[in-house]
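Notes to accompany the following structure.
The values are calculated or read from the model by the stated rules, or taken from the named source; none is laboratory data. In this text the structure is predicted, and so the values were computed from the model without any measurement. Cβ sites come from the backbone with ideal geometry, for glycine too, and all protein chains shown count toward neighbours. Surface areas here come from the heavy atoms of the whole protein model, side chains and all, with no ligands, DNA or RNA. Shrake-Rupley method; radii C 1.70, N 1.55, O 1.52, S 1.80 Å.
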Amino acid sequence: MLTAKERQGRRLRAVLDAILHDVSARRDYGALADYIAPLGRIDPRKFGIAVATRDGRVFAAGDADEPFSIQSISKVFALTLALGKVGDALWERVGQEPSGNRFNSIVQLEYESGVPRNPFINAGAIVVCDVLLAGHEPKEALGETLRFLRFLADDGGVFIDSGVAVAEKAGGFRNVALANFMMACGNLLHPPELALGVYFHQCAVAMSCRQLALAGRYLAFGGVHPSTGRSVVSPQRARRVNALMLTCGHYDGSGDFAFHVGVPGKSGVGGGILAVIPGVASVAVWSPGLNEYGNSKFGTAALQSLTTEMNWSVFG
Ligand code: GLU
């Protein structure tokens, strides 16, 4: 007679194997984010998935141990750190509404006087980086983010891919425009190039699906880091970050993701997605090809299969 834990484990193993099998047969990968040169050179056939469950197990399949550029997924962790520093005062400088626009839209920022719609679009994340800079040199602010990620993932191997950071900076003209505009509106407290330096390097963090799934556990388990039992954020703050992930985590494809996948998630143009199943699991998936919204095409499909097969949803 199997225990409930064994049954869940077997079911999850079978679902992940089926997902890997399905993805391996597909060739319609979607488009690579080649506006950041190193991301345009990634093999589109790469696919990894990892599920970290409440009892401390990690179920993985495919290229789950290969580091990839987490890009905008880093915005979740930077937001967590910024809220820890300034608390709800952050919301005077960044909103909590879905943008309905592309992640690097300039026009909306001008209409809204330099206050970004949410912390997950680029402008909002640059403000968050500005908050992380308070009292710090950019290197120290980045060191703090990296230490946080290593702690969350129980893994000292998380690193910043400097080649990606250099490429981001070289092509980051829209981000430079966003930062300068917010400076003009008084919504940056440090020189734009410093906030941008933190932003570009944070986007260039490389993690594997396994590391990322482990790092996301505090969001799934009431703000607590399960391996140490330490509180990372209060349960209420974890809920709020999850709410923002659900409503704003997939750019202007957030409604589509909520409809089809049904759980909070944050994507990045490197093809990664972190998804949170509150009380149950933290999931990371990676497939570099992107759909029309700039979200991982097979990653989204894989998460849809996973949540459907496991009957996971925040909507009942
Ligand atoms: N570093 C990327 C940019 O600013 C992040 C994009 C993303 O993943 O949304 O263009």
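Here are the numbers:
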item: Long-range neighbours under 8 Å by Cβ, at least six apart or interchain, first residue without any contact (Cβ under 8 Å) to a residue 24 or more places away in the chain within region 138-165, second outside any helix (DSSP H, G or I) and not acidic (Asp, Glu); result: Arg150/Gly156; Arg150/Gly157; Arg150/Val158
item: Meets criteria (part of a helix (DSSP H, G or I), within 12 Å of the ligand (Cβ to nearest atom), modelled with pLDDT of 95 or more and open to solvent by 60 Å² or more (accessible area, probe 1.4 Å)) for Lys169; result: yes
item: Verdict on Val164 being open to solvent by less than 60 Å² (accessible area, probe 1.4 Å), aliphatic (A, V, I, L, M) and touching a Phe, Trp or Tyr at 6+ places or on another chain (Cβ under 9 Å); result: yes
item: Region 230-271, residues that are open to solvent by 10 Å² or more (accessible area, probe 1.4 Å), of a type in the set (A, V, I, L, M) and under 20 Å from Val51 (Cβ atoms); result: Val232, Leu246, Ala258
item: Conditions (1) farther than 23 Å from Asp28 by Cβ; (2) buried (at least 19 other Cβ atoms within 10 Å of the Cβ); (3) touching a residue at least 40 places away in the same chain (Cβ under 8 Å); number of the one not met by Ser227; result: (2)
item: Residue count, region 75-121 (criterion: in contact (Cβ under 8 Å) with a residue 24 or more places away in the chain, farther than 20 Å from Ser267 by Cβ, more than 16 Å from the ligand (Cβ to nearest atom) and in a loop (DSSP other than H, G, I, E, B)); result: 4
item: Output for region 1-43, where each listed residue is open to solvent by 50 Å² or more (accessible area, probe 1.4 Å), in a loop (DSSP other than H, G, I, E, B) and among the hydrophobic types (A, V, I, L, M, F, W, C); result: Met1, Leu2, Ala25, Ile42
